[in-house]
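This report refers to the structure that appears directly beneath it.
Bear in mind these aren't lab numbers, they're just calculated from the coordinates by the rules spelled out. As the structure is a computational prediction, the values presented were derived from the model and not from experiment. Cβ placement follows ideal geometry from the backbone for every residue including glycine, while neighbour counts extend to all protein chains displayed.
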């Protein structure tokens, strides 16, 4: 078997065994992220922030990704030092294939909360999509480490 076919098989196997189930799992956790991180802020009067995060998630689920980015941008403007909205917007950028902005937002989220697994996960997905395997493995491994600690 030619080398390039072997590499393609290995990459496809990695995606099937690791990346695709993780992507599915991440999508299931989007609502949980809002509940765990955003809702306590809402108790302190951040209702508009929560509303924008929830609207962003709803827009993303309906495949209206540009609108999703707009909602998360509004949430960031309302609460600039919250890694959740940055992480969610990074994921929307990933789905829009705007990898540079996705990496910037995921990195910003990591700088705000470097123990949160989700920004590492999103950035790892983007790196994997770019075929930047070393950085993808590093970020996805870090996400797993932090998720196990939670």
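Worth pointing out:
- On the basis of the beta-carbon distance and an R0 of 30 Å, residue 144 and residue 77 show a calculated FRET efficiency of 0.40.
- Computed extension gain for residue 135 through residue 66, at 0.36 nm per residue and net of the alpha carbon distance, reaches 22.2 nm.
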